[in-house]
Amino acid sequence: MTTETATARPPVSVTVSTVMGWPEIEPELTSVIESVRRAGGDLVVTDGSNSPAPALGDDVTWVKYPGESVLKLRSRAYQHARGDIVAITEDHVSVPPEWATLHVDAHRRHPEAVAIGGSVVNGANDTLIDIAGFLAVQAPLVAPIRTGPVRRMAGAVNVSYKRIALTDIDDHDGMGVVDGWHQKALAESKATLLNDDSIRVSHDQALGFRGMSRIHFDAARTFAAFRRRRLGPKDAVWFFGAPVLPFVRTARAVLLLSARGHGRLAAKCTPAMLYLYYVQALGHITGYLRGAGDSPLGLR
């Protein structure tokens, strides 16, 4: 992390990591830039694509790391971030103008919280597989969510940290950062994590059947490869339970979504979610047996 003094830091640094580059991420990133500027902060973009870096202003730091995975790029972004608060979102997420300010204000109201997360809505509603792909991953954080202390946050989609929460972040021996796991580690250390449903973002990832299948496989294979470095009892469940876990996970997602008023949509997407959980199960088995391969490069 930077050694600049606190007085030289902006109130918030927002980080976005991308393997697609500019101008593919322009619509979503434009919303982030507007939000960052309203909050008086800065933006750090770490870019693994081969596209040229755009000139977007002095408050945007765009750093190229061609060929690196998005998980490694997120680790890089945290190293460049200078703010008292460090927030993260993804390159396919649109945020409202007040988003960054809401994160800063939430941290000021809750000095005890080392991390604050928000909720997520779906911005890709044209195909059933895209909706199911969103629900399968984001079900616990689909708005509305309960505001207050939690153990589960929105991963890399809509979270902010106080700087102290990033001092011991695990980069898995250079393989990269998994924010969901870092948030779990913070919770297990008895640190205070809060969710605030008023801080919402729109997740817009329209990949179609083949693309959604591929990214779910790649994510599962990557995370299993990470986990096999430090195997534990839970890994045996993921591996040997692969034939039945998709049913359990689908039922859990449907129950979570139904409890928040999305029961009809969840029922409509149940077969597609079950399919994607089986794709993930195949990815988990492959990752445990053969490692990550090139799957980390398929993540976005």
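The values are calculated or read from the model by the stated rules, or taken from the named source; none is laboratory data. No experiment lies behind these values; they were computed from the predicted model shown. Neighbour counts run over all protein chains shown; Cβ positions are idealised from the backbone, glycine included.
Details
- Hits in the range 64-107 - residues which are among the polar types (S, T, N, Q) and under 13 Å from Val16 (Cβ atoms): Thr89, Ser94
- Residue match in the range 194-202 (condition: crowded, with 22+ Cβ neighbours inside 10 Å and of a type in the set (S, T, N, Q)): yes
Residue-wise test of (1) of a type outside the set (Phe, Trp, Tyr); (2) within 22 Å of the chain's Cα centre (by Cα).
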| position | (1), (2) |
| --- | --- |
| Gly241 | yes, no |
| Ala253 | yes, yes |
| Ser258 | yes, no |
| Tyr277 | no, yes |
| Thr286 | yes, no |
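- Being touching a His at 6+ places or on another chain (Cβ under 8 Å), modelled with pLDDT of 95 or more, of a type outside the set (S, T, N, Q) and crowded, with 21+ Cβ neighbours inside 10 Å is a condition met by at least one residue of the range 73-88.
- Filter pass, Gly180 being closer than 19 Å to Ala81 by Cβ and more than 17 Å from the chain's Cα centre (by Cα): no
- Filter pass, Arg230 being of a type in the set (D, E, K, R), out of contact with any Leu (no Cβ under 9 Å at 6 or more places or on another chain) and in contact (Cβ under 8 Å) with a residue 24 or more places away in the chain: no
- Meets criteria (in a strand (DSSP E or B), within 30 Å of Cys269 (Cβ to Cβ) and aliphatic (A, V, I, L, M)) for Ala87: yes
- Single unsatisfied condition, Tyr78 versus (1) within 22 Å of Ile116 (Cβ to Cβ); (2) touching a strand residue (DSSP E or B) at 6+ places or on another chain (Cβ under 6 Å): (2)
- Residue count for the range 119-153 satisfying the condition of being buried (at least 22 other Cβ atoms within 10 Å of the Cβ) and within 15 Å of Thr192 (Cα to Cα): 1.
- Residues in the range 155-168 that are at pLDDT 95 or above and under 17 Å from Leu71 (Cβ atoms): Ala156, Val157, Val159, Tyr161, Leu166.
- Residue in the range 18-28 that is nearest to Asn50 (Cα to Cα), counting only those that are in contact (Cβ under 8 Å) with a residue 40 or more places away in the chain and touching an Asp or Glu at 6+ places or on another chain (Cβ under 7 Å): Met20
Let's see how each residue does on (1) basic (Lys, Arg); (2) part of a strand (DSSP E or B); (3) assigned by TED's automatic domain parsing to the domain that holds Lys72:
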| position | (1), (2), (3) |
| --- | --- |
| Val157 | no, no, yes |
| Ile164 | no, no, yes |
| Gly174 | no, no, yes |
| Lys184 | yes, no, yes |
| Ala187 | no, no, yes |
| Lys190 | yes, no, yes |
| Ser198 | no, yes, yes |
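- Among residues of the range 156-171, those that are surrounded by fewer than 22 Cβ atoms within 10 Å (Cβ to Cβ) and of a type in the set (Val, Ile, Thr), counted: 3
- Output for the range 92-122, where each listed residue is aliphatic (A, V, I, L, M) and either without any contact (Cβ under 8 Å) to a residue 40 or more places away in the chain or not in a loop (DSSP other than H, G, I, E, B) (or both): Val93, Ala100, Leu102, Val104, Ala106, Ala113, Val114, Ala115, Ile116, Val120, Val121
- Residue pairs meeting the criteria (Cβ under 9 Å; at least 6 apart or on separate chains; first among the polar types (S, T, N, Q), in the range 42-55; second at pLDDT below 95): none
- Residue within the range 177-193 that is over 23 Å from Arg108 (Cβ atoms) and crowded, with 20+ Cβ neighbours inside 10 Å present: yes
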